[in-house]
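The block underneath contains the structure these notes are about, expressed in structure tokens.
The values are calculated or read from the model by the stated rules, or taken from the named source; none is laboratory data. Quick caveat, the model's predicted, so the values are computed rather than measured. Cβ placement follows ideal geometry from the backbone for every residue including glycine, while neighbour counts extend to all protein chains displayed. Accessible surface is based on the protein model in full, side chains and every heavy atom, while ligands, DNA and RNA are left aside. Shrake-Rupley method; radii C 1.70, N 1.55, O 1.52, S 1.80 Å.
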Amino acid sequence: MSNVWERFDNIAKPEDVEQAKASMEPVGEGVYKMRLEQLEAGESKNSGLPMLKARFRILGSNRVFFYNKLLQNLNYQFITDKNIAEVLALLEGMLGEEIEYTKLSDIEDTIPMIPIGSEHIIKVSYGEKDTEKSFPELEVLQEEEEF
């Protein structure tokens, strides 16, 4: 006799369920050792605007952490500049060197240089007004910094 739900086995992709589950409980502020599992230049499904998409695994807990950073804000140029600067700082921290920024595609060209599977000590924080912890701010710390 087969399982009653067997015929529905393919209604959701495991990675989509994992992302939905991770988004239900935001990662708390703190410092974590994480392994990079995915990093890509993408576009927002809703707006088509450029965004960085990353997936980390928090070591020790095996919890997945998704980071999706929209780069462009159509209403405020200074937010666009800030978002790009935050992504550059994150990538520079993971890469271990400075990235010369002249245009947005410089970021896309840098992404393949960061090895999937690399481990990083990352500080997670949230803005003062981000009460639902929907927009994490990430900072890569060096080994000698407090962990």
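A few notes on this one:
- Listed residues Q77, Q19, Q38, most fluctuating in the chain (Gaussian network, C-alpha, under 10 Å): Q77
- Label point distance in nm, K82-V17, each placed 7 Å from Cα along Cα→Cβ: 3.8 nm
- Acute angle (nearest 10 degrees) that the helix 14-24 long axis makes with the longest principal axis of the chain, alpha-carbon atoms: 70 degrees
- Dipole of region 32-147 computed with +1 at Lys/Arg Cβ and -1 at Asp/Glu Cβ about the Cα centre; of S44, S105, Q72, farthest Cα towards the positive end is S44.
- For L141, distant residues with modelled amide H under 5 Å away: I121, I122, K123
- Choice from F56, F66, F78 with maximal GNM fluctuation in the chain (Cα, 10 Å cutoff): F78
- Ordered by solvent-accessible area of protein heavy atoms (1.4 Å probe), largest first, the residues Y67, Y76, Y101, Y32 come out as Y76, Y101, Y32, Y67.
- Stokes-Einstein D in µm²/s, Kirkwood radius over Cα pairs - region 1-70 at 37 °C with 0.692 mPa s viscosity: 231 µm²/s
- Accessible surface comparison of M113, M34, M51, probe 1.4 Å, protein chains only, largest first: the order is M113, M51, M34.
- In a reduced charge model with +1 at each Lys and Arg Cβ and -1 at each Asp and Glu Cβ, region 1-73 shows a dipole moment near 200 debye about its Cα centre.
- Ligands, DNA and RNA aside, E43 has an accessible area near 120 Å² when probed at 1.4 Å.
- Whole-percent pair-distance distribution, where bins are 10 Å wide, for the alpha carbons of the chain: 10, 38, 34, 12, 5, 1, 0
- Rounded percent of accessible protein surface that carbon and sulfur make up, region 3-47, 1.4 Å probe: 49 percent
- Amide hydrogen neighbours beyond the local backbone of E43, cut-off 5 Å, H modeled: M51
- Three semi-axes describe the equivalent ellipsoid of region 65-147; taken as square roots of 5 times the Cα gyration tensor eigenvalues and ordered largest first, they are 21, 19, 11 Å.
- Which listed pairs, of K13/K129; K53/K82; K45/K69, have C-alpha distances above 24 Å, in listed order: K13/K129
- Rounded tilt (10° steps) of 77-95 against the dominant C-alpha axis of the chain: 80 degrees
- Listed values for region 59-76 are Karplus-derived 3J(HN,Hα) couplings in whole Hz (6.51 cos²θ - 1.76 cosθ + 1.60, θ = phi - 60°), namely 6, x, 10, 6, 7, 8, 10, 9, 10, 10, 10, 6, 8, 9, 10, 5, 8, 9, and x replaces Gly and Pro.
- Dipole in debye (nearest 20) - region 33-142, about Cα centre, beta carbon charges: Lys, Arg +1; Asp, Glu -1: 580 debye
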